[in-house]
Amino acid sequence: MLIRLDAAPLIRKLRTDGRTGAVSQSRIRDWTKDGIDLFVADKWCVRLGYHPYEIWGQDFYQLMEH
């Protein structure tokens, strides 16, 4: 079962930090449309220098428990 997160918080953080260029626009469109898989979200956060908690707060860990 794939667990998907709303990608809006990550996209907002990228925009706020002026880092939207770190992710392709097509990927951002896909995340906006389909959400982002929990484990892909973790991978991208680490790659971008963020911690998933910084982006999704406790929601990230609650979803991991399911």
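Considering segment 40-52, the residues that are closer than 22 Å to GLN62 by Cβ and without any contact (Cβ under 8 Å) to a residue 24 or more places away in the chain include one that is surrounded by the most Cβ atoms within 10 Å (Cβ to Cβ), namely PRO52.
Cβ separations smaller than 7 Å between residues 6+ apart or across chains give the following pairs from segment 14-31 residues that are touching a residue at least 24 places away in the same chain (Cβ under 8 Å) to residues that are not in a helix (DSSP H, G or I): LEU14/VAL23; TRP31/ALA7. The residues of segment 23-66 that are outside any helix (DSSP H, G or I) and closer than 13 Å to ILE11 by Cα, listed by number, are VAL23, SER24, GLY35, ILE36, TYR50. Every condition in (1) surrounded by 11 or more Cβ atoms within 10 Å (Cβ to Cβ); (2) on the phi > 0 side of the Ramachandran plot holds for PRO9 except the one numbered (2). Taken over segment 7-19, residues that are farther than 18 Å from VAL46 by Cβ and part of a helix (DSSP H, G or I) amount to 4.
The numbers here are math on the coordinates, done by the rules we state, and not lab data. Please read all numbers here as calculations on a predicted model, not as lab measurements. Backbone-built Cβ (ideal geometry, glycine too); neighbour counts: all protein chains shown.
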